[in-house]
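Just so it is clear, none of the values below were taken in a lab; they were calculated from the coordinates. Keep in mind that what you see is a predicted model, and the values were worked out from it rather than measured. Every residue, glycine as well, gets a Cβ built from its backbone with ideal geometry; the counts of neighbours run over all protein chains shown.
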Amino acid sequence: FLIVVTASTFIVQIVGPFFIKYAIENAGEAGLNITEDDIVEKSCAMDFVRSRSVRLQCDDNLKTILKVFSENDDLYYPVVAQNDKIVGVISVNEIKDTLMYSEISDLLAAIDLMGSCGSPVLPNTPMKEVIDILHRTQADFIAVVDQDGKFCGLIEQYSIQRQLSTKVMEVCNKVEALG
C-alpha cells in the first residue's frame, strides 16, 4: 500500500503541473494579469493605427479641407500625393491660422497648408520603439507607411493611452466574466 501511494504521489507531482497548465490555458484563464507595459511590449505600430484615417489630397482646396474638418473629430489629417505616399499633415492649428487670411483662401491647396509629417515608421515597428520616438521628438503623432512608402495611418500621442486603457479594460472584463 505504501509503495502504491508513494508511486502515485510521485507521478502526480511530476505530470500534474503540465496538465494543470494545459487546463488553465484551454479554459482561457492564462495571461489575464496583463498591464499596459505588457500590451506595449507585444504590440506593433499597426495595432495602434487609427482605423479610419481620412486622407487629403495635395490639390484639395480650402473648402474641401474645411468640409473634411467639420465632418471629422481628428486633430491631424494626412496629406497624400497621387501615389498615396504621405507628403505632410494638416492640423487644426494650421487651419485656424489660415482662416485669418480669408482673402486668399481660394488660392490655397492642402499642399500650401500642410506641415511636416516627421519620420514615418513601418507597420511592424515595435510599439515600444514608436513611443520612444514620440517622446524623443516630442511629436504629437507619427505616420505609419508600408515598405513602398504608402500611407497606412497615423498614431496620435493622445490616443495611445486611451487605446492602452481600453485594451486593459477588455482583459479586466474578461476576468470578471470568468467569475
Which cross-chain or sequence-distant (5 or more) residues have an amide H under 5 Å from the amide H of CYS152, H modelled 1.01 Å from N in plane? VAL144, VAL145, ASP146
Reachable aspartates and glutamates from LYS67, Cα under 12 Å, same-chain residues fewer than 8 places away excluded? none
Search the structure for amide H atoms under 5 Å from the amide H of VAL87, placed 1.01 Å from N in the peptide plane, and list their residues when 5 or more places away or on another chain. VAL79, VAL80, ALA81
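What does the helix-only formula give at 222 nm for the chain: each DSSP H stretch with n ≥ 4 adding -39500 (n - 2.57), the total divided by the residues, and the result rounded to the nearest 500 deg cm²/dmol? If you can, show how the numbers build up before the last one.
Working: 7 runs with 86 residues, N = 179.
Rounded to the nearest 500, the figure is -15000 deg cm²/dmol.
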Which aspartates and glutamates have a Cα lying under 18 Å from the Cα of LYS128, excluding residues fewer than 8 positions away in the same chain? GLU36, ASP37, ASP38, GLU41, ASP47, ASP140, GLU156
Which of these values of Cα Rg over 2.2 N^0.38 Å was calculated from the structure shown: (1) 1.47; (2) 1.59; (3) 1.03? (2)
Could you work out which residue, out of PHE48, PHE69, PHE19, moves most in a Gaussian network model of the chain, that is, has the largest mean-square fluctuation with Cα springs under 10 Å? PHE19
Nonlocal amide H pairs with ILE34, under 5 Å, H built at 1.01 Å: none
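Which value, in debye to the nearest 20, gives the size of the charge dipole of the chain about its Cα centre, when Lys and Arg are +1 and Asp and Glu are -1 at the Cβ? Could the numbers behind the result be given before it?
Details: 15 positive and 26 negative charges, 99 e Å.
That gives the chain a dipole magnitude of about 480 debye.
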